[in-house]
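The values are calculated or read from the model by the stated rules, or taken from the named source; none is laboratory data. Remember, it's a predicted structure, so these values are computed and weren't measured experimentally. Cβ placement follows ideal geometry from the backbone for every residue including glycine, while neighbour counts extend to all protein chains displayed.
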Amino acid sequence: MTTLIDHITNTIANIDGNTLSTARSAKLALLVLATYAPAKTRLHSEYDGYVSHHYTFIAKAAGGIYKNKKISTGSLAAINHDLDLFVIAGAYSKKQSLTKGYKLSSWLTASINNYLFDTYINVGYTDNEKCSLLKKAITKFDKNDKQRKGKGNLKFAVQINRKVLFELVKKISTLGTDGQLITSNDKNALIAKQALVMLENSNGKVLPRGWMAQPYIEVASGRVYGTGLHLQNACKETRTAALKGLYQLDISNAHYSILAQASAANNTPLQNIEFYIRNKQMVRATIAEDCMMELKDVKQALIALIYGASLSTKYLRTDKGVKQTAIFRICGSDEAYDALIQHHFFKGIAEDVKKGGSVMIDNAKAKTGNMYNALNKPISSSETLAKQTAHLLQGIEAQALDAVLTAAEVAVALHDGYVFYTKVSASFLETEIKKATGYNLTLEEETI
């Protein structure tokens, strides 16, 4: 039974003049697939329509022997010269903190589009089969190859709504005679490609039909992140279609709530943050109107603030060069940035973040130059106040996630929420979170 990876591998292997083995072509196929339908986090920050890949991923895909020469990280260019798999933009620049951008050649994109449309769209929709899988989704070892701290887990695969994904592709895209997707904009093209790959990944060839693998790995803070094209990092439209009909619970203002409660418990109330928590929609709308910003950008700026983004400068000099700070990048202009950091709501919240962070750090467990969060994950005490604060907050958030994974059957773990196949009592899980963390966190419910 042919899979998309088989199709890409065979396509590469059959290019005239290709001297790569089938095994080498298969490794390249993984890079091709990751470029065709990338996670939104891999979209290139400088080159529109291009993808940024980590150099180790490229090295693994392009490594080995090609024309009797050893291949290094940059050797993809040598292969690409003969096989014309990628369009490569720019050059690596440490000074500017830029990577090369990658997108697929038109002919290869057309080949993949034709395969996916012929397999899943042109033949019409067929129903799912209901099955269960018991393998655990979160790997035993964390990103640093150490035993993970969390105890809870979830199934290796999630049952997705293939019918709604099928309808989404039909609604926003068609296939041109040249094999290229016809969509109204670049974002819809990415959404359609992600949906097509999810149809491929849930087609029953590897896992039971209707089920899609969703692996996770624990990172330095204790949070769990999806790897590859994952519902956690897919476009919202793709994720919503895949999970249509399921139930979602999100932690309301997780980090701000934790910070406010931790400070209050140590006799340091954060009045600006407490006001924001009580009046979230009004505060965001007021900032957006006063600063002439999009509401979604204000929300992202407030998230970046609690994650430790700098307000003292628009640019930071790092070991990789000069780059825009997170909040300046979100604002998109000098005028919006200057208005935002001087806005009384935003400025007051920023002051409280520093004050609350100092309180949490002063009361955190510390040993031999490290500070430990709620999941006993270390961070160097020499790190900035902002990074240490974020580490402590994320540890408690990860502890909350672990409590939910232990108490209920979770279909998908999101960054600050959970998806379930059936309705689960929010108050029950809030109680479980309180038992595990000591914090009162509110869960907001919605049907996807």
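Determine which single condition Leu207 fails, assuming it passes every other condition in (1) under 18 Å from the mean Cα position of the chain (by Cα); (2) in a loop (DSSP other than H, G, I, E, B).
Result: Leu207 passes all but (1).
As an exercise: evaluate Ser52 against (1) under 30 Å from Glu237 (Cα atoms); (2) in contact with a strand residue (DSSP E or B) (Cβ under 8 Å, 6 or more places away or on another chain); (3) polar (S, T, N, Q); (4) modelled with pLDDT under 85 and give the number of the one condition it does not meet.
(4)
Select from region 410-425 the residues that are over 11 Å from Val158 (Cα atoms) and surrounded by fewer than 22 Cβ atoms within 10 Å (Cβ to Cβ) and write down the one among them that is farthest from the chain's Cα centre (by Cα).
For region 410-425, the residue satisfying everything is Ser425.
Return the pairs, sorted by first residue and then second, in which the second residue is among the aliphatic types (A, V, I, L, M) and outside any helix (DSSP H, G or I), the first residue lies in region 340-356 and is more than 17 Å from Ile277 (Cα to Cα) and assigned by TED's automatic domain parsing to the domain that holds Phe275, the beta carbons are less than 6 Å apart, and the residues are 6+ apart or on different chains.
Once the first residue is more than 17 Å from Ile277 (Cα to Cα) and assigned by TED's automatic domain parsing to the domain that holds Phe275 and sits in region 340-356, its partners that are among the aliphatic types (A, V, I, L, M) and outside any helix (DSSP H, G or I) give Ile341/Leu311.
Could you check, for region 385-401, whether at least one of its residues is without any contact (Cβ under 8 Å) to a residue 24 or more places away in the chain and either among the basic types (Lys, Arg) or in the same structural domain as Ala350 (by TED's automatic domain parsing) (or both)? Before you say what the answer is, go through the steps one by one.
From region 385-401, those without any contact (Cβ under 8 Å) to a residue 24 or more places away in the chain are none; that's our starting set.
Looking for residues that are without any contact (Cβ under 8 Å) to a residue 24 or more places away in the chain and either among the basic types (Lys, Arg) or in the same structural domain as Ala350 (by TED's automatic domain parsing) (or both), one finds none in region 385-401, hence no.
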